[in-house]
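Here's the structure we're looking at; comments come further down.
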Amino acid sequence: MKCPHCGDQRKQYRNGKTQAGSQRYRCARCQHSYTPQKKRQGYAREIRRKAIQFYVDGANLRRIGRQLGVHHQTVANWVKAYAENLPEAPVPKEVQTAELDELFTFIGEKKTGSTS
């Protein structure tokens, strides 16, 4: 084992582990603590791709999280990041046909009073 800070190869002591499970070491000469072989953190691209595909297919965030073993907020963050990277939807310069539904709203005063 070689210290990346001072280059000394003698007296490299084990110094705990990281959250990911990688072994940490401490150099006795310069007291520098380091991890020689770091483990990759995060989820695999395949898990992210599946989560986004499930979301596009209509599954809700909590269901996706349960199926993939991931927290639902993580799935929401993946979906949001994916949506931000999508290209802008094309907008026509001139609209030739418009279709409206029969939605009725109160603009002025309601005829009946509030029940609360």
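The values are calculated or read from the model by the stated rules, or taken from the named source; none is laboratory data. Owing to the predicted nature of the structure, the values given are computational and were not obtained by experimental measurement. Reconstructed Cβ throughout: ideal geometry from the backbone, glycine too, with neighbour counts over all protein chains shown. These accessible areas exclude ligands, DNA and RNA; they are computed on the full protein's heavy atoms, side chains included. Shrake-Rupley method; radii C 1.70, N 1.55, O 1.52, S 1.80 Å.
Return yes or no: is Gln67 in a helix (DSSP H, G or I), at pLDDT 90 or above and open to solvent by less than 100 Å² (accessible area, probe 1.4 Å)? Working first, answer last.
Values: in a helix (DSSP H, G or I): yes; at pLDDT 90 or above: yes; open to solvent by less than 100 Å² (accessible area, probe 1.4 Å): no.
Taking the combined requirement at face value, the residue does not satisfy it.
Which one of the conditions (1) at pLDDT below 95; (2) open to solvent by 100 Å² or more (accessible area, probe 1.4 Å); (3) within 13 Å of the chain's Cα centre (by Cα) does Arg29 fail to meet, given that it meets all the rest?
If we test Arg29 against (1) at pLDDT below 95; (2) open to solvent by 100 Å² or more (accessible area, probe 1.4 Å); (3) within 13 Å of the chain's Cα centre (by Cα), just (3) comes out false.
In the stretch 70-106, which residue that is assigned to a helix (DSSP H, G or I) and of a type in the set (D, E, K, R) is farthest from the chain's Cα centre (by Cα)?
As a first pass, look at the stretch 70-106 and keep what is assigned to a helix (DSSP H, G or I): 72-84.
Right, trim to of a type in the set (D, E, K, R) and you get 80, 84.
Working: Lys80: 8, Glu84: 12 Å.
Top of the filtered list is Glu84.
What's the number of the condition Arg24 fails, among (1) within 30 Å of Ala81 (Cα to Cα); (2) open to solvent by 40 Å² or more (accessible area, probe 1.4 Å)?
So the condition that Arg24 fails would be (1).
Please verify whether Tyr55 is at pLDDT 90 or above and part of a helix (DSSP H, G or I), treating the condition exactly as stated. Break it down stepwise before answering.
Details: at pLDDT 90 or above: yes; part of a helix (DSSP H, G or I): yes.
Judged against the criteria, Tyr55 is a match.
Any residue in the stretch 90-109 that is in contact with a Leu (Cβ under 7 Å, 6 or more places away or on another chain) and open to solvent by less than 100 Å² (accessible area, probe 1.4 Å)?
Narrowing the stretch 90-109 to residues in contact with a Leu (Cβ under 7 Å, 6 or more places away or on another chain): none.
Checked against the condition, which is being in contact with a Leu (Cβ under 7 Å, 6 or more places away or on another chain) and open to solvent by less than 100 Å² (accessible area, probe 1.4 Å), the stretch 90-109 yields no hits at all.
Residues of the stretch 70-89 being of a type in the set (A, V, I, L, M, F, W, C) and either in contact with a helix residue (DSSP H, G or I) (Cβ under 8 Å, 6 or more places away or on another chain) or surrounded by fewer than 10 Cβ atoms within 10 Å (Cβ to Cβ) (or both), which ones?
Keep residues of the stretch 70-89 that are of a type in the set (A, V, I, L, M, F, W, C), which gives 70, 75-76, 78-79, 81, 83, 86, 89.
If the condition is that a residue be of a type in the set (A, V, I, L, M, F, W, C) and either in contact with a helix residue (DSSP H, G or I) (Cβ under 8 Å, 6 or more places away or on another chain) or surrounded by fewer than 10 Cβ atoms within 10 Å (Cβ to Cβ) (or both), then Val70, Val75, Ala76, Trp78, Val79, Leu86, Ala89 are the ones that fit.
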